[in-house]
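Engineer: The structure is given below, and queries will be raised subsequently.
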Amino acid sequence: MEQVRFGIIGIGNMGSGHMYSFLNNSVPGAVLSAVCDVKESRLDWAKGVCKESNPEVKFFTDYKELLASGAVDAILIATPHYLHPIIAMEAIDAGINVISEKPIGVYTKKVYELIEKVKSRPDVTFGIMFNQRTNAYYQKMREMVQGGELGELKRCVWIITDWYRTQAYYNSGGWRATWAGEGGGVLMNQCPHQLDLWQWIFGVPKRIFAKCDLGKYHDIEVEDDVTAMAEYENGSTGVFITTTGEFPGTNRLEITGSKGKLVYEDNKLIYTKLSVDEREFTMSSSEGFAAIEQEIIELEVEGGTGEQHVGILKNFTNHLLHGEELLAPGIEGIKGLSIANAMMLSSWKNDWVEVMNDGEEFWAMLQEKIKTSKVKEDAGIVFSTEGTYGV
């Protein structure tokens, strides 16, 4: 390939943003060749935008027709969540490369099927839009944590409560904030990036206990306030707190190890470096109230918050054209989703839940929620033998 022909499936808020990235030539080596949406009004809008920039773009109302058209080398999935793994598997079967918006799906049971499909087709590339992985601050934190600079890991605390949403936001779409249409609330819509970064930097927890309040601050049926505690194999712990019902909110990630502490907040990364490993010091010091000498460093990080969505598209395109290593392989999406599913399942059961499980119990309980889900008639929900998914 000299260039990658992309098709976008779903031209809502995210899909339209990606469309502009291609039309503005922000992704070298990539060209928009097809657009698909079930809503004629969205397609009409897209046709008007593409008419001047790229009149060769083809338009579809059925993604299956797009996949069979021969017009694309890769697709970008930007549909409601339930459809992400379904469309991805059909594209992979057709030999078409896939990059999916987050989350990778709603429940891990379906995503495990997708992963097996990906493994069966090594000739097809599957990526995911984890654009926060382009943020150089998170990259630096991952490098330091996994490189051992913090020593023995003790704790990870993320307070991510700056997702404030009004009731008008939730009223804006018939599928939004429903079990049948969206599959969840703040964990499924706002936090997939943070759940991915949590495990990308600190690792996947062994088990989780969570309290997920449904409609605590809004008239919705899904969770809008979450407090979770995690436990790791080595005994370290994690706390994750999020909501769409606080203002002003906080976005603070703190990671502590035996050799120091990292804090990322307000685009500043502060490293408190200990002069000696705390584990060594505590066992060797003869003073009961001794303090370890420390140095507080504001780390200079080249690249800032990164190129975000465009950065992931560039990386995915360069992978297809030049073999560049993927920053966000699609199959890694199962990890953050497993954490989200475990949090919700823990809250439903009021008990600890193993994070990496087969997904059967969460799936069964989700189906019960879907049965009573109050989806607006115009939401475009398709019911199947496996539950529901939005279109």
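The values are calculated or read from the model by the stated rules, or taken from the named source; none is laboratory data. Because the structure is a prediction, the values reported are computed rather than measured. As a convention, Cβ positions derive from the backbone with ideal geometry for all residues, glycine included, and neighbour counts pool all protein chains shown. Note: accessible area is taken over every heavy atom of the protein model, side chains too, but ligands, DNA and RNA are not part of it. Shrake-Rupley method; radii C 1.70, N 1.55, O 1.52, S 1.80 Å.
Engineer: What does the C-alpha gyration tensor say about the overall shape of the range 196-247? Classify as rounded when a/c is under 1.5, otherwise prolate if a/b is larger than b/c, or oblate.
Structural biologist: It is prolate, given that a/c is not under 1.5 and a/b is the larger ratio.
Engineer: Given the peptides 38-51, 128-141, arrange them by the average over their residues of other C-beta atoms within 10 Å, most packed first.
Structural biologist: On the way: 38-51: 14.2, 128-141: 22.1.
Listed from highest to lowest mean packing, they are 128-141, 38-51.
Engineer: Now for a different question. Report the local net charge at Leu195: Lys and Arg +1, Asp and Glu -1, summed over other residues whose C-beta lies under 14 Å from its C-beta.
Structural biologist: 0
Engineer: For the range 1-160, calculate the relative contact order in percent as a whole number, restricting contacts to Cα pairs under 8 Å that are 6 or more residues apart.
Structural biologist: 18 percent
Engineer: Here's something else I'd like to know. Go through the range 88-102 residue by residue and turn each phi into a ³J(HN,Hα) via Karplus (6.51, -1.76, 1.60, θ = phi - 60°); whole Hz please, and just put x for glycine and proline.
Structural biologist: Values, residue by residue: 4, 5, 5, 5, 4, 4, 7, x, 9, 5, 9, 10, 10, 5, 7 Hz.
Engineer: If I stretch the segment between Phe289 and Phe247 completely, what's the gain in nm (0.36 nm per residue apart, minus their alpha carbon distance), one decimal?
Structural biologist: In short, 11.2 nm is gained.
Engineer: Oh, and also: Just to be sure I follow: if Rg is taken over the C-alpha atoms of the range 267-339 and Rh is the Kirkwood radius over the same atoms, what is Rg/Rh?
Structural biologist: On the Cα set of the range 267-339, Rg over Rh gives 1.24.
Engineer: Right, another one. So for the chain, averaging the separation of alpha carbon pairs under 8 Å that are six or more residues apart and normalising by length, what relative contact order in percent results?
Structural biologist: It comes to 20 percent, rounded to a whole number.
Engineer: Give me the net charge for the shell around Gly184: Cβ to Cβ below 12 angstrom, other residues only, Lys and Arg +1, Asp and Glu -1.
Structural biologist: -2
Engineer: Using the Cα gyration tensor of the range 9-89, with a ≥ b ≥ c the square roots of its eigenvalues, what is the shape: rounded (a/c below 1.5), prolate (a/b larger than b/c) or oblate (neither)?
Structural biologist: The shape class here is rounded.
Engineer: Can you give the percent of C-alpha pairs in the range 176-317 whose distance is more than 25 Å?
Structural biologist: Of all Cα-Cα pairs in the range 176-317, 48 percent lie more than 25 Å apart.
Engineer: For Rg/Rh (Cα atoms, Kirkwood Rh), the listed values are (i) 0.99; (ii) 1.16; (iii) 0.94; which was obtained by calculation from the structure presented?
Structural biologist: Derived directly from the coordinates: (i).
Engineer: Something else about it: Considering only protein heavy atoms and a 1.4 Å probe, what is the carbon-and-sulfur percentage of the accessible area of the range 232-391?
Structural biologist: Reported share for carbon and sulfur atoms: 48 percent.
Engineer: What list of ³J(HN,Hα) couplings, whole Hz, do you get for the range 39-51 from phi and the Karplus terms 6.51, -1.76, 1.60, once you set θ to phi - 60° and write x for glycine and proline?
Structural biologist: Couplings: 8, 4, 5, 6, 5, 4, 4, 5, 4, x, 5, 6, 3 Hz.
Engineer: To test your reading of the geometry: what angle, between 0 and 90 degrees and rounded to tens, separates the Cα axis of helix 136-146 from the longest principal axis of the chain?
Structural biologist: Helix 136-146 sits roughly 50 degrees off the main axis of the chain.
Engineer: Any chance you could give the angle, 0 to 90 degrees and rounded to 10, that helix 308-322 forms with the longest Cα principal axis of the chain?
Structural biologist: The helix 308-322 is inclined about 70 degrees to the chain.
Engineer: May I ask you to derive the FRET efficiency for Thr272 and Glu116 from their Cβ-Cβ distance with R0 = 51 Å, giving the value to the nearest 0.05?
Structural biologist: Working from the Cβ atoms, E equals 0.70.
Engineer: Quick check: residue separation of Lys64 and Glu307 times 0.36 nm, minus the Cα distance between them. What number comes out in nm?
Structural biologist: That works out to 84.3 nm of additional length.
Engineer: Counting other Cβ atoms within 10 Å of each Cβ, which trypsin sites (Lys or Arg not before Pro) in the range 177-216 have at most 10 and sit in a DSSP loop?
Structural biologist: Taking the range 177-216 and a limit of 10 other Cβ atoms within 10 Å, no loop trypsin sites (Lys or Arg not before Pro) are found.
Engineer: Follow-up. Quick check on packing: order 72-78, 238-244, 18-24 by the mean number of other C-beta atoms within 10 Å, highest mean leading. Show your work: numbers first, answer last.
Structural biologist: Working: 72-78: 24.6, 238-244: 22.9, 18-24: 18.6.
Highest-to-lowest ranking by the protection proxy: 72-78, 238-244, 18-24.
Engineer: Add +1 for every Lys or Arg and -1 for every Asp or Glu among the other residues with Cβ under 14 Å from the Cβ of Asn267, and state the total.
Structural biologist: Surrounding charge for Asn267 is -3.
Engineer: With θ taken as phi - 60° and the coefficients 6.51, -1.76 and 1.60, list the Karplus ³J(HN,Hα) couplings across the range 182-195 in order, rounded to whole Hz; mark glycine and proline as x.
Structural biologist: Once rounded to whole Hz, the list reads 10, x, x, x, 4, 5, 8, 9, 8, 9, x, 5, 5, 5.
Engineer: Roughly what % antiparallel, to the nearest 5, for the DSSP beta bridges in the chain?
Structural biologist: Taking every DSSP beta bridge with both residues in the chain, the antiparallel ones total about 65 percent.
Engineer: Let's test the formula: R0 of 51 Å, r as the Cβ-Cβ distance of Glu325 and Arg279. What FRET efficiency results, to the nearest 0.05?
Structural biologist: Step by step, r from the Cβ atoms, then E = 0.90.
Engineer: Where in the range 168-254 are there GluC sites (Glu not before Pro) that are in a DSSP coil and have at most 10 other Cβ atoms within 10 angstrom of their Cβ?
Structural biologist: Details: sites: Glu182, Glu221, Glu223, Glu231, Glu233, Glu246, Glu254; in loops: Glu182, Glu221, Glu233, Glu246.
When the GluC sites (Glu not before Pro) of the range 168-254 are filtered for loop state and at most 10 Cβ neighbours within 10 Å, Glu233 remain.
Engineer: Using 1/(1 + (r/R0)^6) with R0 = 30 angstrom and r between the beta carbons of Ala364 and Lys211, what's the FRET efficiency to the nearest 0.05?
Structural biologist: That pair, Ala364 with Lys211, gives E of 0.90.
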